[in-house]
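Report on the structure given below.
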Amino acid sequence: MASFNLNSYLEPIYATFPEARRKPIIGITANFQEGEATLARVYYQQVVDAGGTPLLIPPVADRDVLVSTLEEIDGLLLTGGADFNPLWAGEEPTQQLHRINTVRDLPELLITQLAYNRQIPILGICRGIQTMALALGGKVLQDISLTPIAPTPPPEGDASDKEKDKDKDKEKKKKKEKEKEEPTAPAPTYPIKHSQEGDRDLLSHSIQIEPNSMLYRVYKSEKLYVNSFHHQAVGDPGPHFRITAKAPDGVVEAMESSEFKPLMGVQWHPECLGAEGRRLFEWLVAQANNFQLAKRLHDRILTLDTHCDTPMFFNQDIKFDQRDPRILVDLHKMTEGRQDAVIMAAYLPQPKMGETFSSKVSFDVQTPMEYADFIFDKIEAIVRSNRKYISIARTPADLFEDKRKERKSIMFAIENGIALNHDTENVKHFAQRGVVYITLCHNGDNDLCDSAKGCDTNHGVSKFGEKVIREMNKQGIMVDLSHASEKSFYDALEISRAPIVCSHSSCRALCDVPRNLTDDQLRALADKGGVAHITLYPGFLKKDGEATIRDAIEHLNHAVRVVGVDHVGLGTDFDGDGGVRGLANASELINFTLALLKNKYSERDIQKIWGGNWLRVMALVQAMAK
């Protein structure tokens, strides 16, 4: 019975604590007509029925409003509506262009690109799928009739999917052989009607779904009947998407991320198809719920990448406080990926016999030590100009203080011990500069030890290298054995009285290259309390084919099986040729957390992986220093 007593409605809300279960917030782009922002009821009702909290996003292009909105939402729903102005694609309008909605165009293109950069799950419907394509490098057909009809078979999955679906391929082959024996109808050579005149819930034509796709996993069918109200469609999905469904005449009906991200667009209108259409809204809400969990986790834990080579680009006048496309780590990307801290290495290339060091670098320096100091000077200058947002940290306590004050942190490291200029006194110099670890060598033997890509010059760690390791222990600098040969690794493990680290090395059992660690090395490292961090350098994750985020997780899982979760982490090697599909730059690092959650790691485990293990070793090494 209806009641007009407000307290009778408030009482159930306050009868328990908390008042309600937090549901993921789905931002829904509003239409604009007759001077008003509007939204059809079916959109927000489907979100509610799917378990989400709808939030209407008016067509406003204000920068602060857009970014603030994206901070609050967990998923984005791009709705249908009028045509895009083709000038956004650099095209002149054709006669077939219908009514455009210029008020919506810019705000929706902006919010789509910004949401993509933040890894926010997106579902685009009709105009929404076209928004995704246009915002992210694809093309939209001004009118379907302008393109020759060329029916095509459903698109194939990516290479990684094919590898996992060999059994399905065999079944399909048998099915095709059977079909050869039976008469089949010819494929249509005429355009079908894509703008129905009947009710909005009328199923007007069929689509063929790619079996290795998110859409197939939602509907568990390769054929689906849909409604249709459009004369435009995606012409080219662009570099970030792959086509996953087509109509019988070849028109694109669905696409999804080709980068393992929860991004999907459909050309039909599932909001009008009741429970059947709700499946897509349930998919979006489920992805948004995962994203919400990852965001909240990042609020509670410290996320540290233990190795990046961004300083190599400092001679190119990079803009660290802008979203600079030339580098994989900057303030914007760290913020988008919800990354707290990074250890930046002063990478020193190893000269070959007869080469001078100055000939190997583009900076005007004479010695390796000058080069390392120059890099650290550059980082300090960047920090000074952005001191409100970023700080240089030297200890674990500094990192946690920066997080409390909502600042990003940079730590210093040296990659290649030639920076010491063959003088152990310089270990103290770099300790005073704030260097937290020194990678003893790089790709080539030096005066400290032999490299994994070296010639056994020293037969492991040299006499000078032994002195350096002992001095590093004394000064509280971590000994990093990434790049070292096996003999150097075991020698250093024996010499050091403190645990050692491998800041960016993967597992040789999964990718047999000298730079990776054997299972025995992992065990020896762990037995002495050290940590090994999986790297995103593609060639160390997979020898053949493209490496992806899935390969990085497989390496991590393998290391955990060998030595346990207390001795692993992540060192991306961003800007040192590190980065894979799904983890391509710092803005995508929250995807690593999402993958960890998917692999059933607990919050405590994720905290350890994301830097907790490393900081335990760092604190111990610094405490052992005299």
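The values are calculated or read from the model by the stated rules, or taken from the named source; none is laboratory data. Computed from a predicted model, the values in this text were never measured in an experiment. Reconstructed Cβ throughout: ideal geometry from the backbone, glycine too, with neighbour counts over all protein chains shown. Side chains are part of the model used for accessible areas, which takes the heavy atoms of the whole protein and leaves out ligands, DNA and RNA. Shrake-Rupley method; radii C 1.70, N 1.55, O 1.52, S 1.80 Å.
Determine, for each peptide in 4-13, 134-143, the mean count of other beta carbons within 10 angstrom over its residues, then list the peptides with the highest first. Walk me through the numbers on the way to the answer.
Values: 4-13: 8.9, 134-143: 19.9.
Taking the mean over residues of other Cβ atoms within 10 Å, the ranking is 134-143, 4-13.
Compute the FRET efficiency between H98 and R604 as 1/(1 + (r/R0)^6), taking r as their Cβ-Cβ distance and R0 = 56 Å, and round to the nearest 0.05. Spell out each step's value before the answer.
Details: r = 55 Å, r/R0 = 0.99.
It comes to 0.50.
I'd like the antiparallel share, as a percent to the nearest 5, of DSSP beta bridges with both residues in the range 432-568.
Values: 3 of 11 bridges.
Roughly 25 percent of the beta bridges in the range 432-568 run antiparallel, per DSSP.
Give the calculated FRET efficiency between D199 and Q45 to the nearest 0.05, with a Förster radius of 22 Å applied to their Cβ-Cβ distance. Intermediate values should be presented prior to the final figure.
Numbers: r = 17 Å, r/R0 = 0.78.
The calculated FRET efficiency here is 0.80.
Antiparallel DSSP bridges in the chain: what percent, to the nearest 5? Can you show the working numbers first?
Values: 25 of 71 bridges.
So the antiparallel bridges in the chain amount to around 35 percent.
About the Cα centre, and with charges only on the beta carbon of Lys, Arg (+1) and Asp, Glu (-1), how big is the dipole of the range 317-466? Nearest 20 debye, please.
760 debye
Helix by helix, which DSSP H runs in the chain go 20 Å or more along their axis at the Cα atoms and have an average Kyte-Doolittle hydropathy of -1.0 or more? Don't skip to the answer; put the middle values down first.
Values: long enough: 102-117 (24 Å, 0.18); 166-180 (21 Å, -3.77); 274-300 (38 Å, -0.71); 368-385 (26 Å, 0.15); 549-563 (21 Å, 0.21).
Membrane-span-like by this rule: 102-117, 274-300, 368-385, 549-563.
Skipping prolines and chain starts, which residues have an amide H placed within reach, meaning under 5 Å, of the one on Q350, given they are 5 or more residues away or on another chain?
The answer is N443.
Give me the percent of accessible area attributable to carbon and sulfur for the chain, probe 1.4 angstrom. Walk me through the intermediate numbers first.
Values: 14250 of 27770 Å².
Carbon with sulfur: 51 percent of the solvent-accessible area.
If packing is taken as the mean number of other Cβ atoms within 10 Å per residue, what is the order of 509-520, 235-246, 606-617, 472-483, highest first?
On the way: 509-520: 17.3, 235-246: 20.5, 606-617: 22.9, 472-483: 25.5.
Final packing ranking: 472-483, 606-617, 235-246, 509-520.
Excluding ligands, DNA and RNA, what is the solvent-accessible area per residue of the chain at a probe of 1.4 Å, expressed in Å²? Can you show the working numbers first?
Working: 27770 Å² over 626 residues.
Averaged over the residues of the chain, the accessible area is 44 Å².
Rounded to the nearest 0.05, what FRET efficiency is calculated for Y225 and D519 with R0 set to 51 Å and r the Cβ-Cβ distance? Please list the in-between numbers first.
Details: r = 52 Å, r/R0 = 1.02.
With a Förster radius of 51 Å, E is 0.45.
Of the beta bridges DSSP finds with both residues in the range 226-346, what % are antiparallel, to the nearest 5?
Counting DSSP beta bridges with both partners in the range 226-346, the antiparallel share is about 75 percent.
Among (1) -0.56, -1.07, -1.24, -1.37; (2) -0.49, -1.00, -1.20, -1.39; (3) -0.52, -0.94, -1.07, -1.18, which one is log10 I(q)/I(0) by the Debye sum over Cα atoms at q = 0.07, 0.10, 0.11, 0.12 Å⁻¹ computed from these coordinates?
Checked against the structure: label (3).
For C449, list long-range residues whose amide hydrogen, built 1.01 Å from N in the peptide plane, is under 5 Å from its own amide hydrogen.
Here the answer is S462, since their amide H atoms fall under 5 Å of that of C449.
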